[in-house]
Protein chains: 2
Amino acid sequence: MIDLLIHHATFSRIQSQLRVHAERIRPLVVRAGGAIEAAWGAAFEAELAPQIVFGSIEAYLSPEAPVVMRAVLDAPDLDWFQSSAAGIDHPVLVAIGKRARLYTASHEQAHAIAEWALWQAFDFFRAGAQRREDRAQKIWKRRNAREMTGSTWLIYGFGHIGREIARRVHALGGKAIGVRRSPVRDEHADLIIEPGNVLSHLSQADIVCLCAPFTAETEGLANAAFFAAMREDALFMNVGRGALVVEPDLLAGLERGRPAFAALDVFAAEPLPEESPFWAHPKVAMTPHNSAESEGTRDRVDALFLDNLRRYLAGEGLRNVVPKSAFGG
Amino acid sequence: MIDLLIHHATFSRIQSQLRVHAERIRPLVVRAGGAIEAAWGAAFEAELAPQIVFGSIEAYLSPEAPVVMRAVLDAPDLDWFQSSAAGIDHPVLVAIGKRARLYTASHEQAHAIAEWALWQAFDFFRAGAQRREDRAQKIWKRRNAREMTGSTWLIYGFGHIGREIARRVHALGGKAIGVRRSPVRDEHADLIIEPGNVLSHLSQADIVCLCAPFTAETEGLANAAFFAAMREDALFMNVGRGALVVEPDLLAGLERGRPAFAALDVFAAEPLPEESPFWAHPKVAMTPHNSAESEGTRDRVDALFLDNLRRYLAGEGLRNVVPKSAFGG
């Protein structure tokens, strides 16, 4: 019997699909409040030693998250960890990656993140902040809008997220310049450039969107020179990681007028400290590291886990395996 | 020589393209402040009697609009009027339609209106109003989002605007139910229904969007029964005309929770009176009859006029001719 550690909210959604594996797996369910019980009436009195853990959205973000993470880090024989995230830069995930024999990531959140990017782009092109201010003052004032049609996006990081953004930009009549290390063509990009050529292309972009992972190479990539190369009418977006941006340089850039506006989902310090200028900055829109969360993401990650579980039990290769080397020494 | 009445801002944009017709047309330019002068050094001392008038966006909405409209209505020999609008329900446009030998409309604003609809849909699906309120209070609170992917739209009025909305909804992974009188199939609609069948289909829709013209048949179509048939989690949108909606029924519906929210660009009375509850309603987003206005719309309408002018001078049929009968009597 293989023990699977799973959060109760996740279990509620997928237990009927898990049932087909009832002869081989025993779900250990993290209940509300943190108690752990075996499901389906199975006995569970021994010490907690799951071989499989599903790091679903609730495992990461519910009140029971500390219980799940402690159980994972204490598991003496962790064979496979399925993450609901793409990033592997969080210290807990690095520790899990080092312990687990197999670590699989998820890229299913790319759709929701791409929709977040469109949401922010439309709100910028339509001068949403000004229009809401007009309304608050009962001012009936027509304002000109810019269009997605014919707009140019520079998308820094052209993996799953970048491609989903570019696909939508194309579908809506815009152009996409993708930035990635291997400059091979992509059907969703009008042009792919290497990171070293970004500065000379920034002036083409109405919208500059960061969706690269946090690595030694991407740290602080959006700095004073980067913002100075943007247009005065351009929107800067970050859905990657806060550490990609030199935040004082962004604030100085907004002050000088390049970029015109910033839409941020991620920050150097999270949760954003109360004293951060981003909370009330008039040229900033922000969300709390939340662009990926949607009903669709949740359902797609569940489906990914179930598919990987079937593969695991069948002895097949799993999807989205992160190589051990990615977690360092 | 054919006299063309044109607003100075419009003339500035297209004068180089007009030049090719300089031997046949004489632009009479409405200057800032309202004086009218012939362009290109041509003499102009006679009474104002334009044969052609370009009702561009500035002719409708600049401070000089009354001068243009007065000149059009006084023109003794108005041969062709190019409107920048699709609607012909405004009393001044009806009067022009009755006087002019040829009246041509514009549907070029469909793209901008469709982008307005996406903007409002994303803001609703992402709980934009609540997230901005969270931010104002410095609350770092994750909120779940709904997705455009997999959403269903019911689009009432499946002409130029409805089709442009549906095309984008499809491209983003949603479904579109179109409502129009002639229920012929359309590549951008998953289903086309007749107006009489709307009530039984409303419960399928995450988003219900009105983009029909104002006619005797569409007046007050969104009434108490209509809202009662919508879902509790649905967004109601109006980019058609205010008169399509029974506004007290919409307010009562929002009170009862069907629809969940309304995004309105048009109102029964415009400009919206100061005492209107829509200004400050927490379940309403609004813009001042402005969804069509964009740089793209402006440029597309200019191109339409120039194409029609070429056709006019060549004796060819014009695009978007509105039949005389449409203006009544």
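What the table below lists for this structure:
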{"read-out": "Matching option when the condition is hydrophobic (A, V, I, L, M, F, W, C) and free of Cβ contacts under 8 Å to residues at least 60 places away in the same chain, among B:Ala326, B:Ala285, B:Ala269, B:Ala263", "value": "B:Ala269"}
{"read-out": "Matching residues, segment B:128-166, being among the β-branched types (Val, Ile, Thr) and within 19 Å of B:Asp190 (Cβ to Cβ)", "value": "B:Thr149, B:Thr152, B:Ile155, B:Ile161, B:Ile165"}
{"read-out": "Filter result (open to solvent by 50 Å² or more (accessible area, probe 1.4 Å), within 30 Å of the chain's Cα centre (by Cα) and closer than 25 Å to A:Tyr103 by Cβ) within segment A:13-25", "value": "A:Arg13, A:Gln15, A:Gln17"}
{"read-out": "Which numbered condition B:Arg146 misses (of (1) more than 8 Å from chain A (Cβ to nearest Cβ); (2) open to solvent by 20 Å² or more (accessible area, probe 1.4 Å))", "value": "(1)"}
{"read-out": "Matching entry among A:Ala59, A:Ala86, A:Ala65 (being touching a strand residue (DSSP E or B) at 6+ places or on another chain (Cβ under 8 Å) and among the small types (Gly, Ala, Ser))", "value": "A:Ala59"}
{"read-out": "Within segment A:151-175, tally of residues that are part of a loop (DSSP other than H, G, I, E, B), crowded, with 20+ Cβ neighbours inside 10 Å and either away from chain B (no Cβ under 14 Å) or of a type in the set (Phe, Trp, Tyr) (or both)", "value": "2"}
{"read-out": "Hits in segment A:201-216 (condition: modelled with pLDDT of 95 or more and either closer than 24 Å to A:Ala105 by Cβ or part of a helix (DSSP H, G or I) (or both))", "value": "A:Leu202, A:Ser203, A:Gln204, A:Cys209, A:Leu210, A:Cys211, A:Ala212"}
{"read-out": "Among (1) within 14 Å of chain A (Cβ to nearest Cβ); (2) in contact (Cβ under 8 Å) with a residue 60 or more places away in the chain; (3) in contact with a Pro (Cβ under 8 Å, 6 or more places away or on another chain) - the single one B:Asp134 does not satisfy", "value": "(2)"}
{"read-out": "Subset of segment A:101-126 [more than 10 Å from chain B (Cβ to nearest Cβ), free of Cβ contacts under 8 Å to residues at least 60 places away in the same chain and open to solvent by less than 10 Å² (accessible area, probe 1.4 Å)]", "value": "A:Ala110"}
{"read-out": "Test: residue in segment B:285-307 that is over 24 Å from B:Glu115 (Cα atoms), more than 8 Å from chain A (Cβ to nearest Cβ) and more than 14 Å from the chain's Cα centre (by Cα)", "value": "yes"}
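Residue by residue, here is whether (1) under 24 Å from A:Lys141 (Cβ atoms); (2) in a helix (DSSP H, G or I) holds:
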position: B:Asp233; (1), (2): no, no
position: B:Ala252; (1), (2): no, yes
position: B:Arg258; (1), (2): no, no
position: B:Ala262; (1), (2): yes, no
position: B:Val266; (1), (2): yes, no
position: B:Glu270; (1), (2): yes, no
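The rows are residues; the columns are (1) within 30 Å of B:Leu235 (Cα to Cα); (2) in contact with a helix residue (DSSP H, G or I) (Cβ under 8 Å, 6 or more places away or on another chain).
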| residue | (1), (2) |
| --- | --- |
| B:Pro282 | yes, yes |
| B:Met286 | yes, yes |
| B:Asp302 | no, yes |
| B:Asn308 | no, no |
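Rundown of residues vs (1) of a type outside the set (Phe, Trp, Tyr); (2) in a strand (DSSP E or B); (3) open to solvent by 20 Å² or more (accessible area, probe 1.4 Å), yes/no style:
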{"residue": "A:Gly33", "(1), (2), (3)": "yes, no, yes"}
{"residue": "A:Gly41", "(1), (2), (3)": "yes, no, yes"}
{"residue": "A:Leu48", "(1), (2), (3)": "yes, no, yes"}
{"residue": "A:Val53", "(1), (2), (3)": "yes, yes, no"}
{"residue": "A:Tyr60", "(1), (2), (3)": "no, no, yes"}
{"residue": "A:Val67", "(1), (2), (3)": "yes, no, yes"}
{"residue": "A:Val72", "(1), (2), (3)": "yes, no, no"}
{"residue": "A:Asp77", "(1), (2), (3)": "yes, no, yes"}
{"residue": "A:Phe81", "(1), (2), (3)": "no, yes, no"}
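The values are calculated or read from the model by the stated rules, or taken from the named source; none is laboratory data. Note that the structure is a prediction, hence the values are computed from the model and not measured. Cβ atoms come from the backbone with ideal geometry, glycine included; neighbour counts cover every protein chain shown. Side chains included, ligands, DNA and RNA excluded: accessible areas come from the protein's heavy atoms. Shrake-Rupley method; radii C 1.70, N 1.55, O 1.52, S 1.80 Å.
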